[in-house]
Amino acid sequence: MISHRFNNIKKTGLTASVHEDDARKIMVVNSFSFLTALLCTFCGISLSVISGDWLIFYTAMGFVCGFLSILWLNEKRRFAIAKFGLQFVFCSVMLYYGCVFGESTQVHFLGLFLIGVPLLICSRKENALRCLCLTLPLLTLFLLETNYYYQVFTPMDMDRNTTYMFRWLIMTVVVILNFMVITFHQHNINSLLKRLHRRNDSLRKRNEMVQRQEDALKEANRRLENYNEMLEREVEQRTRQLMDNNLVQEKMLTDLNTSLRRLKAKEDELNEYVASLETVKAELLHARDEAERANAAKSSFLRELSHEIRNPLNAIIGISYLMLNDRHTHGELPPGVVNYIENISTSGHNLLEIINNVLELARIEAGKTDNICQEPFVLRDWIYNIAGIYQHAAKVKNVSIHVQVDHKLPAQLLGDRVHLTQVVNNLLTNAIKFTPAGKKVTLSCFRQGAEAWCIRVTDEGEGIPGEKQALIFKPFEQADHTIHQRFGGTGLGLAISKRFTELLGGRISVWSEPGAGTAFTVTLPLLQVNKTLSRAAATVMPANTEKAPVQTGKKILLMEDSTVNQMVMQEFFSYMGLPLLIAGNGEEGLEMARKHLPDMIILDMHMPKLDGRDVIRAIRQDTLLQHVPVIVISADAFTEQREQVLREGVHEYLIKPVQFDELRMVIDKYLHSSMLNESLEAVTC
Ligand code: ADP
């Protein structure tokens, strides 16, 4: 309780904002003020009692008030004034009691205590105050000593015992006060030591931390140095690489420059070459234009030539055919004349074959690829029909033609009948030509595996030597030079046949043994027909081994400007037993057609006044005539001419010189079908 009260007194005037050192000094001031006030009260009472002089007590109470006013000053936070005040009150006490009690009471010993007090209560910052506070006791001691010498104030009279009691009491107070100063100093020193220890600890810790940081820094430094070294090495290496690269690049640049120079030189050369090529190209283009012009001129010439030759040939072959087939004249002619006529006929056919082959070759050379037209056909009818056409030529040579069709082959096949017919025609013509009298030629069709079929023409002729067998498929090549002298021919037939076969996706091969005979085999892909042909489509001209039956009661109109051809046709139709109406041009022909309403119209393409094409269009637009079958017999033998006319809507296109067997079959086909139609119409009516 007391210590708590004392603590509160000690802390008079202290706030949280006061620094620890200052606070300690203020607490020393408070403690001194309070304890000295108590001591002063005690001494005042004691001395008054001892001396019996109560003035001492009242004076002591005045000093007590002075000490307590120090507490009041601290309370008012007048710390510096309070410190000076404390020293001042102490000095006043020393001066008063020193003067009053005299030197024998040893009051001046209090000066020792007072010299120690400023060191305790003033901080180093308060140097002036400290000096003032130190000066005060020295001044007081000086005044006291002066008073002792000069006796300005005479001390009070005291007996020896009182003096000793005073002396001992004052000495005790001085000792207590000195003890207090020493205690406070010791306390200060202890707290200073503690603070020093604390500071030392914190310094040590700081030192350790600094040490650790230094170590870390050293480590970081070491790493940095390593990294630096590594970087330097890397930079060095990179620099070396860059230098190497630089060297390589420089070399590449040099090479590139050299290459560029070479390229430039090459470019110049190339430019020169291109320029020369341009010149050559221009020359070539010119040459090509020239060649195309020449080719066009050649084609036009060939067309004209073919057309011009075919008309007289038509008369030659037609008349010789009629003479040989006319029963009445045939019997009356002497055998020598018949022989002549047969020779005329054979020569006519040979000439026809030459013209056909030359035209075909001209087409091939002109680069005209033939359009392949795959259509269904009845195999047997087709093959027997071809054989039938050649029967007459074979008979004239006393050569027999045998036909064999493999039963494993389907009845109907898909193929280009026109091209196939041309191939077989060439092979049969050769076989009959090279086979001596009394021997036979075999035309056979057979299956080869699941996907191919073959047409083979075998003869018993003189054969072809082995070394010539590859040669004969080239244009204008014959087995030897005597062939032309003995058999004529151009050497074109096999070349054209090979070309057509390949166009149809097949191949042609030859087997021959000199003296034994020759066999040509055409192998083709087997294309089957999915659905069965209709009756009309399947109707193929029958083989003409015997003469077809004559269609009586039918009218046929012929439009033809050539009088020779008119005469030949007139003869042919009278021989057939059919009345023939003849018109000399298209205009007249159309009038006659409208007037007589014929069952069939046969016309030439080149006629005066109205040509064949106009006549066909007029017929197709005429309601009375549009159903009438129209057969064109023309000397225009080129495929495109034929196809163009067929597109106009004609039924058949025959090329001059007309093959009468073929014409017979065509007439029979269309008159027969029209008869069929009539009978069908009659039944439905
Ligand atoms: P051409 O019969 O007009 O001479 P081809 O091209 O048809 O022309 O035939 C070329 C040659 O092949 C003939 O000249 C002939 O020497 C030879 N040749 C063709 N077929 C037979 C055959 N059946 N027998 C013998 N030789 C043939």
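The values are calculated or read from the model by the stated rules, or taken from the named source; none is laboratory data. For clarity, every value in this text was computed on a predicted model and none was experimentally measured. Using ideal geometry, Cβ is built from the backbone for each residue, glycine included, and neighbour counts are taken over all protein chains shown.
Of note, residue 191 satisfies the criterion of being in contact with a helix residue (DSSP H, G or I) (Cβ under 8 Å, 6 or more places away or on another chain), surrounded by 10 or more Cβ atoms within 10 Å (Cβ to Cβ) and among the small types (Gly, Ala, Ser). The helices (runs of 4 or more DSSP H) found entirely in region 395-513 that carry 3 or more residues being away from the ligand (no atom under 12 Å from the Cβ) are 417-434, 493-503. The set of residues in region 281-330 being surrounded by 17 or more Cβ atoms within 10 Å (Cβ to Cβ) and β-branched (Val, Ile, Thr) consists of 309, 316, 317, 319.
Given the criteria under 60 Å from the mean Cα position of the chain (by Cα), aliphatic (A, V, I, L, M) and within 20 Å of residue 377 (Cα to Cα), does residue 504 qualify?
Taking the combined requirement at face value, the residue satisfies it.
When region 585-620 is filtered for residues that are small (Gly, Ala, Ser) and closer than 10 Å to residue 558 by Cβ, only 589 remains. Does region 514-523 hold any residues that are more than 55 Å from the chain's Cα centre (by Cα), more than 8 Å from the ligand (Cβ to nearest atom) and not hydrophobic (A, V, I, L, M, F, W, C), and which are they? 514, 515, listed by residue number.
Of the set (1) more than 15 Å from residue 84 (Cβ to Cβ); (2) surrounded by fewer than 17 Cβ atoms within 10 Å (Cβ to Cβ); (3) not charged (D, E, K, R), all apply to residue 135 but (1). Checked across region 148-168, the condition of being farther than 22 Å from residue 55 by Cβ, over 60 Å from the mean Cα position of the chain (by Cα), part of a helix (DSSP H, G or I) and free of Cβ contacts under 8 Å to residues at least 24 places away in the same chain holds for at least one residue. Contact annotation: residue pairs with Cβ atoms under 6 Å, 6 or more positions apart or on different chains, pairing a residue in region 487-509 that is within 22 Å of residue 348 (Cβ to Cβ) with a partner that is acidic (Asp, Glu), are 491/477; 496/360. Checked against (1) modelled with pLDDT under 85; (2) under 60 Å from the mean Cα position of the chain (by Cα), residue 482 passes all but a single condition, namely (2). Per the conditions (1) out of contact with any helix residue (DSSP H, G or I) (no Cβ under 8 Å at 6 or more places or on another chain); (2) assigned to a helix (DSSP H, G or I); (3) within 24 Å of residue 517 (Cβ to Cβ); (4) away from the ligand (no atom under 15 Å from the Cβ), the sole criterion not satisfied by residue 343 is (3).
For region 426-479, a residue qualifies if it is under 21 Å from residue 505 (Cα atoms), among the basic types (Lys, Arg) and touching a residue at least 24 places away in the same chain (Cβ under 8 Å), and the qualifying residues are 447, 456. Scanning region 591-611 for residues that are of a type outside the set (Asp, Glu) and without any contact (Cβ under 8 Å) to a residue 40 or more places away in the chain gives 592, 593, 594, 595, 609, 610.
All of 45, 50 fail the test of being among the β-branched types (Val, Ile, Thr) and in contact (Cβ under 8 Å) with a residue 60 or more places away in the chain, apart from 50. Looking across region 654-665, the residues that are of a type outside the set (D, E, K, R) and within 18 Å of residue 637 (Cα to Cα) come down to 654, 655, 657, 658, 659, 660, 663.
Being farther than 27 Å from residue 461 by Cα, of a type in the set (A, V, I, L, M, F, W, C) and modelled with pLDDT under 85 is the requirement here; does residue 583 meet it?
no
This table checks each residue for (1) surrounded by fewer than 19 Cβ atoms within 10 Å (Cβ to Cβ); (2) modelled with pLDDT of 80 or more.
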{"residue": "648", "(1), (2)": "yes, yes"}
{"residue": "658", "(1), (2)": "no, yes"}
{"residue": "661", "(1), (2)": "no, no"}
{"residue": "665", "(1), (2)": "no, yes"}
{"residue": "677", "(1), (2)": "yes, no"}
{"residue": "683", "(1), (2)": "yes, no"}
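Go through (1) in contact (Cβ under 8 Å) with a residue 60 or more places away in the chain; (2) out of contact with any Phe, Trp or Tyr (no Cβ under 9 Å at 6 or more places or on another chain) one by one and return the number of the condition residue 12 breaks. Condition (2) is where residue 12 drops out.
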